[in-house]
Amino acid sequence: MRDRSVNVTDGELFKPLVVLSAPIVAAQVLQVGYNLADTFWVGQLGADAVAALSYAWAIVFLMVSVGGGLTVAGTVLVSQHKGSGDFRQSHHVAGQTVSFVSVVAILFAAVGYLAAPYLLAIVGATPGTAAHTYATDYTRVVFLGVIFMFWFFIFDALMRGWGDTRTPLYLMAGSVALNVALDPFLVLGFVDNPMFAWTGTESLQTTLFALTGFEGYGVKGAAIATVVARFFPAVIGLYLLLFGDVGLSPELSDFLLRRETVRKILDVGAPIGAEQGLRSGGIAAMTAIIALAGDDAVAAYGIVNRLASLLFLPALGFARGTETVVGQNLGAGHTDRAKRAVFLASATVAGAFFVVVAAAYPFAEAITGVFLPPGDAAAGTVIEYGAAYIRIAGPAYVFLGVFQVVLGGFRGSGSTRAAMLLSVQELWLFRIPLSFVFLTAFGWGVVGVWYAVAISFVASALTTGAWFLRGTWTDSVVDPDDVDAPRRAGSRRRLTIRFGRASPRRPRPRRWRTSAAPRASS
């Protein structure tokens, strides 16, 4: 497989920014495919099962996001080293990131599996109820496979920093296809499975049930499908990194953790991990607050969160693309170009969000109702709550889009502490306090929470934009005379063992014009 990286440090800016970001958006659409498939098929089991997913994801997202945040350090360091022309150090950072985050994943898996019932109780799932039991089953299975999630996150982050967002997209597409294929059978088995009715194969369902007696694993089946589907892209991604020709090619010695590099990864990644952890904790707190309004409100919150993630995708894609563009350009010393990338991405996302929100607004009830069976007694209330969210909080997603892109600019520069503080304010300074006050003190019910969400998006976009305009984020975190410089010089004079090739190859990034020659590898 060839190097598909895009060079964004010279020539036209908007087109390569879009080409870099579009596969990320597509990959996030596929990621939502995981969640929507789980929600749809689990929804066939009733509102308790849907509520269980909401509780479970509050915990799963907490653990996964902390580790996933650490992988962003790989994006930042790889992109800035590549922008400065130091390809060898990019390879080294890649190997170190794989090893370090793998250790973190194993620790998280153990903690998450053992503590799942207690953590779920903290976020509002009442022990002994069906929702708590379902959520525990789902959470434990997901944590057993969290190492595979982390491996793919690592591969995705490293390739993004290198400038290749298409290869991870292809792997994600295959993974989602497998998950969608497995969900209906692992959740419902061969009893009352609508998949057979849709395809006119009810007789096949009867035969399969007679042969196997398989009634599905319920909520746990959705988790099993997700873990199995994650396994394949994770393993293939690591194989390509080690044996393929995707641009990044760490040496065997790069996987042996070195204190200096781990310290750099933590320096850049720890604030992002803390940010993601605090945001995940905030989402768990939001779930607990909404649980005060009942399981119907929690079920509606789970549905609209998955729907809202569709609105969120352009911002997330362009934010991650902006990380790479800003990182490579600051590494190359092109500060003005890095700033311009943030403005271009923000304007593009704001326009896209306006179109998506306008399209969803008239169909709020119909969109929410897709995820609930017609005969469910609680369906009417859940649909009412979900539709209200779309109409109240939906327009504020235009501001959320700009907010996320600007945060991507901060992260790409390595200003991860500023990004952490600005990101955390949205939940802990605005959304959570206002939600609690509107729900309890003002007595506005769950609709009051939706207004709090809208206010938090607008306020956070304004404060983050003001901080960005101060211009204090434009320094690169890459030091050409850092502690690894002697190692880089020595690596050219000694024999090294490489995975998949006898000697390093010079990367061949895709260029939008040919007026500038590639930098020499240092």
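The values are calculated or read from the model by the stated rules, or taken from the named source; none is laboratory data. The structure presented is a predicted model; accordingly, all values stated were derived computationally and were not measured. Neighbour counts run over all protein chains shown; Cβ positions are idealised from the backbone, glycine included.
Residues that are modelled with pLDDT under 90 and within 20 Å of VAL342 (Cα to Cα), at least 2 per element: which helices (runs of 4 or more DSSP H) completely within the stretch 416-522 meet that?
Correct list: 416-424, 445-469.
Can LEU241 be described as part of a helix (DSSP H, G or I), aliphatic (A, V, I, L, M) and closer than 27 Å to THR416 by Cα?
yes
Just one of the numbered conditions (1) in contact (Cβ under 8 Å) with a residue 60 or more places away in the chain; (2) touching a helix residue (DSSP H, G or I) at 6+ places or on another chain (Cβ under 8 Å); (3) part of a helix (DSSP H, G or I) is not true of LEU204; which one?
That leaves (1) as the condition not met.
When residues of the stretch 207-250 are filtered for being in contact with a helix residue (DSSP H, G or I) (Cβ under 8 Å, 6 or more places away or on another chain), within 21 Å of ALA181 (Cα to Cα) and hydroxyl-bearing (Ser, Thr, Tyr), how many remain?
The total comes to 2.
Scan ALA109, ALA121, ALA157, ALA125 and give me the residue that is without any contact (Cβ under 8 Å) to a residue 24 or more places away in the chain and either crowded, with 24+ Cβ neighbours inside 10 Å or farther than 18 Å from TYR239 by Cα (or both).
Checking each option against the conditions leaves just ALA121.
One line per residue, one yes/no per condition, for (1) in contact with a strand residue (DSSP E or B) (Cβ under 7 Å, 6 or more places away or on another chain); (2) modelled with pLDDT under 80; (3) under 19 Å from GLY412 (Cα atoms):
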site: ASP10; (1), (2), (3): no, yes, yes
site: GLN31; (1), (2), (3): no, yes, no
site: ALA51; (1), (2), (3): no, no, no
site: TRP57; (1), (2), (3): no, no, no
site: GLY67; (1), (2), (3): no, yes, yes
site: SER99; (1), (2), (3): no, no, no
site: VAL104; (1), (2), (3): no, no, no
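Residues of the stretch 386-400 being touching a Ser or Thr at 6+ places or on another chain (Cβ under 8 Å) and at pLDDT below 90, which ones?
Answer for the stretch 386-400, where residues must be touching a Ser or Thr at 6+ places or on another chain (Cβ under 8 Å) and at pLDDT below 90: GLY386, ALA387, ILE390.
Specify which of the listed residues (ALA352, ALA366) is at pLDDT below 85 and under 22 Å from the mean Cα position of the chain (by Cα).
Every option except ALA352 fails the conditions.
Would the stretch 9-31 turn up any residue that is over 22 Å from the mean Cα position of the chain (by Cα), hydrophobic (A, V, I, L, M, F, W, C) and over 19 Å from ALA135 (Cα atoms)?
yes
Can you find, within the stretch 206-241, the residue that is nearest to the chain's Cα centre (by Cα) among those that are surrounded by fewer than 19 Cβ atoms within 10 Å (Cβ to Cβ) and polar (S, T, N, Q)?
THR212
In the stretch 284-295, how many are assigned to a helix (DSSP H, G or I) and either crowded, with 20+ Cβ neighbours inside 10 Å or without any contact (Cβ under 8 Å) to a residue 60 or more places away in the chain (or both)?
Count: 8.
Of all residues being surrounded by fewer than 20 Cβ atoms within 10 Å (Cβ to Cβ) and not polar (S, T, N, Q) in the stretch 454-468, which is nearest to VAL406 (Cα to Cα)? Just the residue, please.
Looking at the filtered set, the residue picked out is GLY465.
Mind checking whether some residue in the stretch 13-26 is at pLDDT 75 or above and over 17 Å from THR322 (Cβ atoms)?
No, there is no match, as no residue in the stretch 13-26 is at pLDDT 75 or above and over 17 Å from THR322 (Cβ atoms).
Does VAL176 satisfy the criteria of being of a type in the set (Val, Ile, Thr), crowded, with 24+ Cβ neighbours inside 10 Å, in contact (Cβ under 8 Å) with a residue 24 or more places away in the chain and out of contact with any Cys (no Cβ under 8 Å at 6 or more places or on another chain)?
It is false that VAL176 is of a type in the set (Val, Ile, Thr), crowded, with 24+ Cβ neighbours inside 10 Å, in contact (Cβ under 8 Å) with a residue 24 or more places away in the chain and out of contact with any Cys (no Cβ under 8 Å at 6 or more places or on another chain).
Of the residues GLY317, GLY333, GLY302, which is at pLDDT 80 or above, of a type in the set (Gly, Ala, Ser), assigned to a helix (DSSP H, G or I) and within 23 Å of VAL8 (Cβ to Cβ)?
GLY317
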